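Remarks on the structure that follows.
The values are calculated or read from the model by the stated rules, or taken from the named source; none is laboratory data. Treat the numbers as computed from the prediction; the structure is a model and nothing was measured. Because the Cβ atoms are built from the backbone with ideal geometry, glycine has one as well, and the counts that use them run over all protein chains shown.
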Amino acid sequence: MSEEPTKTGYVVSGVLHAGLLAAVIFGFASAPKFEDASESIPVDTITQSEFNEIMKGERDAPPAKVQPPATPQETLAYAAPEALPPSPPPRPSDEPKPPPKPAQETPQPSPPPRPAQDTPSPIPSPKPKPTPSPSPTPKTDALAKLIDEPKSDTPKPTRAMDPNAIRKLLADAKPTDPAQPAAQGLPNHSAPRMSPSLAAALDAWFTEAYLNCWNPPPTVPAGEKYVAQIKVVFAPDGSLSAQPVLINPPSDPAWQAHAESAMRAVLKCNPLHVPPQYAPYFEQWRTKTVHFDPESALG
Amino acid sequence: MTRLGPTTMWLAAMTWGPSRVNAATTGERAALRGGGRRKLGLLSALAALGFMAASNGALAVGDIYVKAGANFTPALVAVTPLQGDDAKVGAVVAADFARSVFLQPVDPSSFPEAIGEPDKRPNFDAWKTINAQFVVTGRVSHQGGSIVAQFRLWDVETGEQIAGQQYSGEAQNARRISHLIADAVFTRITGEGGFFDSRVVFVDETGPKEKRRKRLALMDMDGANMRSLTAGDNLAVTPRFSPNAEQVAYMHFGDGDPKVEILDLETGRRESVGEFTGMSFSPRFSPDGRYLALSLSEGAASNLFLYDLQSGQTTRLTDDAAIDTSPSFSPDGKQIVFESDRGGAQQLYVMSASGGMPQRISFGEGRYSTPVWSPRGDLIAFTRVKDGQFGIGVMKPDGAGERILTEGFHNEGPTFAPNGLFLMFFRDPGGESGAKIYMTDIFGHAEFQVPTPSYASDPSWGPETK
């Protein structure tokens, strides 16, 4: 094989280098911020036998507490781990308990936002109710049933895991947090993606729409600026499919009027007639967080 | 890693498997074995490109950032006819909104429904068709010489009642009740203090220009209920309200030097302030009502003094050969802004209310005068004369952010509304006519003339009536 570089080689090399450069410039210029750590799962490899040993458990281990799964991502990868330990899992008590899902599906650490309730009552922010997603409880049950099947009440599990059944459950699992996008590599990720310019155009369209609907209060209170953030969930026709949620109610009552004006803007802009060219990419703009920044008109 | 349960680790192992980690290396090794570093380069480049392209798509998940800016639209409020309202309470409320800049009343001829039951939810879908954002319903009843009025404020977007209140009083105070309703609605929607239930003391000017009669007068902020305070045989100018609106300090031209006097609105009694030789003028009350800051002439100069209204003691605040005048207190009473020509042309200075080194805050071109400190503390309004043009402007207390709200011949003498969002001033177009009082918001969105029976000047806006 000749070691001398040919003209074709130069051309191909040049094109690929240019392409790489362009991809780096444009790709990283619009690179999204890193998603939550839950998107990536650290991997440790163990052998089948080691796993079986772990699953057998210890005879004198304390009975497991039933806790809600900490993050939706964990729920996706496996059903409630606490349901698996050897002792009779108190799973039936799961069902009457209202699933804690609403607290997780909206990215808020605090209880459902509710502005000050003193009369006259301001705009109440209803309990967050994003698009109802299948609760993990049935899957917990299904998986647990799978695991516990051969022995209903005996304290000691001795049968092997059925990896095929678990894999099947994983394939059926839907993302429990609608705000989190399907990450690369997960089975659901098959929808077409918008180009950067199209996505930017859609963001600009949303921004202008909400700006037109917004009547901010006349002045800005002193102190640290408060930017109301409202989470909206759309239906494909651009109308709100769930009550919008103010995810950061102001701690300073002086900003209450601003928070209310933001909520009014979102309600006034309903339904939004999203232009049809964005319709195929609905999954990517189905949920949005709108930030209302009150730049002072006093300058 | 150790936090994950055993199942996770097992499943991860099954899904991603140890073999995947080695894939690239294997491929590369294969390429190398296949023939030539060239192929390796090609493969890496293609892999990199593919990776870049795949990672680009997640943009639309980004948040939307809306910045409030130049777009200003008032909130549309529909004031529906109040049930049983023949005292025109609703009309005064709507008129207040029409002059409020931040709220705007909806034209009644476009109302989509007639409110039959004021306590019941209106048909919000109908109101949305005319873009009304708020609806006011209510009822008024008269019993003998008293009036009872109640209102409900409905938010069309959320479909909730967000305010409601009942007021009662003497029938002659019906206008005050309207202003209280307008204040409640204004405050609920904008989050700002109200300003409709307030009064303005001013100079009422009558007669021909050569022989103008100037006397003190009082009116509601919308021009209603005007009454004279002095007889007008002597000139009275620059009236200033006391913080509790019970007294008016002003400059009186009688026999001898012009002097500061205080008029008690309740009793009508007038008394001179202090025993000063020479001219005293430009009086202004301190926010706690205890002191009067004023200017005393000393030869060619004028200096600022503090007069204790209870003890009669006088304290000197400035001591220089310039003309220092027009003092105005900050709302916390700790500072005074005033006008001085010590640097040449008149400029604005801020100093401690107990005297001390003044700091100049105005540095623009022109002559700055008649400063007033906003009750909110965040702005100082002033008159600026530049190239023969008289402008009313505002700046921050440190002098930054100077903005001129109106300019022309001849604007002068701003005074702040109780909520610090509006200014009144007077404008004299010159010639044979006279001055009129105008109202504007501090952003310069809109301007309204205040109806007075004759010419009017030197407005001083009092606090919300208690």
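Inclusion of B:ARG176 among residues that are charged (D, E, K, R), touching an Asp or Glu at 6+ places or on another chain (Cβ under 7 Å) and outside the structural domain of B:SER374 (by TED's automatic domain parsing) is warranted.
Would a scan of the range B:95-109 turn up a residue that is in a loop (DSSP other than H, G, I, E, B) and free of Cβ contacts under 8 Å to residues at least 60 places away in the same chain? Scanning the range B:95-109, I find at least one residue that is in a loop (DSSP other than H, G, I, E, B) and free of Cβ contacts under 8 Å to residues at least 60 places away in the same chain, so the answer is yes. Kindly check whether there is at least one residue in the range A:229-246 that is facing chain B (nearest Cβ under 9 Å) and closer than 29 Å to B:LEU379 by Cβ. Within the range A:229-246, none of the residues are facing chain B (nearest Cβ under 9 Å) and closer than 29 Å to B:LEU379 by Cβ. Residues in the range A:289-299 that are within 23 Å of the chain's Cα centre (by Cα) and either surrounded by 22 or more Cβ atoms within 10 Å (Cβ to Cβ) or without any contact (Cβ under 8 Å) to a residue 40 or more places away in the chain (or both): A:VAL290, A:PHE292. Residues that are buried (at least 19 other Cβ atoms within 10 Å of the Cβ), hydroxyl-bearing (Ser, Thr, Tyr) and more than 10 Å from chain B (Cβ to nearest Cβ) within the range A:247-275 are absent altogether.
The single condition among (1) assigned to a strand (DSSP E or B); (2) in contact with a Leu (Cβ under 7 Å, 6 or more places away or on another chain) that B:THR406 does not satisfy is (2). Failed condition for B:ALA345, given (1) surrounded by fewer than 16 Cβ atoms within 10 Å (Cβ to Cβ); (2) touching a Leu at 6+ places or on another chain (Cβ under 9 Å); (3) under 26 Å from B:LYS386 (Cα atoms), with all others met? Result: B:ALA345 fails condition (2) only.
Residues in the range B:409-449 that are in a strand (DSSP E or B) and not charged (D, E, K, R): 16 in all.
For the condition under 28 Å from B:ASP125 (Cα atoms) and either in a strand (DSSP E or B) or free of Cβ contacts under 8 Å to residues at least 24 places away in the same chain (or both), A:GLN243 does not qualify.
Are there any pairs with C-beta distances below 7 angstrom linking a residue in the range B:390-405 that is among the basic types (Lys, Arg) to a residue that is part of a strand (DSSP E or B), with the two at least 6 apart or on different chains, and if so which? Listed pairs, sorted by first residue: B:ARG403/B:GLY393; B:ARG403/B:VAL394. One residue stands out among those in the range A:1-30 that are at the interface with another protein chain (Cβ under 7 Å from one of its Cβ atoms) and at pLDDT below 70: the one that is farthest from A:MET194 (Cα to Cα), which is A:MET1. Taken over the range A:285-297, the criterion of being within 9 Å of chain B (Cβ to nearest Cβ), touching a strand residue (DSSP E or B) at 6+ places or on another chain (Cβ under 8 Å) and outside any helix (DSSP H, G or I) is satisfied by A:THR287, A:LYS288, A:THR289, A:VAL290, A:HIS291, A:PHE292, A:ASP293, A:GLU295. For the range B:326-340, the set of residues classified as without any contact (Cβ under 8 Å) to a residue 24 or more places away in the chain and buried (at least 16 other Cβ atoms within 10 Å of the Cβ) consists of B:SER340 only.
Yes or no, residue by residue, for (1) over 19 Å from B:SER340 (Cβ atoms); (2) more than 15 Å from the chain's Cα centre (by Cα):
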| residue | (1), (2) |
| --- | --- |
| B:THR370 | no, yes |
| B:VAL385 | no, yes |
| B:MET395 | no, no |
| B:ASP398 | no, yes |
| B:THR406 | yes, yes |
| B:HIS410 | yes, yes |
| B:PHE416 | yes, no |
| B:GLY431 | yes, yes |
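The sole residue among A:PRO218, A:PRO196 that is modelled with pLDDT under 90, over 20 Å from the mean Cα position of the chain (by Cα) and within 30 Å of B:THR190 (Cβ to Cβ) is A:PRO218. Could you please let me know if B:SER228 is at pLDDT below 95, surrounded by fewer than 17 Cβ atoms within 10 Å (Cβ to Cβ) and either over 20 Å from B:PRO453 (Cβ atoms) or not assigned by TED's automatic domain parsing to the domain that holds B:SER460 (or both)? No, not satisfied. Here is the figure for the range B:367-397: residues that are away from chain A (no Cβ under 13 Å) and within 28 Å of B:ASN244 (Cα to Cα) total 8. Determine whether the range B:454-465 contains at least one residue that is in contact (Cβ under 8 Å) with a residue 60 or more places away in the chain, part of a strand (DSSP E or B) and of a type in the set (Asp, Glu). Yes, that holds for at least one residue.
In the range B:63-94, the qualifying residues are those that are assigned to a helix (DSSP H, G or I) and crowded, with 18+ Cβ neighbours inside 10 Å, and the one that is nearest to the other protein chains (Cβ to nearest Cβ) is B:VAL93.
For the range B:256-274, residues that are at positive phi and touching a Gly at 6+ places or on another chain (Cβ under 8 Å) total 1. When B:ASP222 is tested against (1) touching a strand residue (DSSP E or B) at 6+ places or on another chain (Cβ under 8 Å); (2) more than 14 Å from chain A (Cβ to nearest Cβ); (3) under 27 Å from B:LEU103 (Cα atoms), only condition (1) is not met.
To keep it simple, each residue is scored yes or no on (1) within 28 Å of the chain's Cα centre (by Cα); (2) of a type outside the set (Ser, Thr, Tyr).
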{"residue": "B:MET226", "(1), (2)": "yes, yes"}
{"residue": "B:ASN234", "(1), (2)": "no, yes"}
{"residue": "B:PRO239", "(1), (2)": "yes, yes"}
{"residue": "B:SER242", "(1), (2)": "yes, no"}
{"residue": "B:ALA245", "(1), (2)": "yes, yes"}
{"residue": "B:TYR250", "(1), (2)": "yes, no"}
{"residue": "B:ASP257", "(1), (2)": "no, yes"}
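Quick check: is even one residue across the range A:276-284 surrounded by fewer than 22 Cβ atoms within 10 Å (Cβ to Cβ), out of contact with any strand residue (DSSP E or B) (no Cβ under 7 Å at 6 or more places or on another chain), under 15 Å from A:GLU224 (Cα atoms) and more than 7 Å from chain B (Cβ to nearest Cβ)? No, the range A:276-284 contains no residue that is surrounded by fewer than 22 Cβ atoms within 10 Å (Cβ to Cβ), out of contact with any strand residue (DSSP E or B) (no Cβ under 7 Å at 6 or more places or on another chain), under 15 Å from A:GLU224 (Cα atoms) and more than 7 Å from chain B (Cβ to nearest Cβ).
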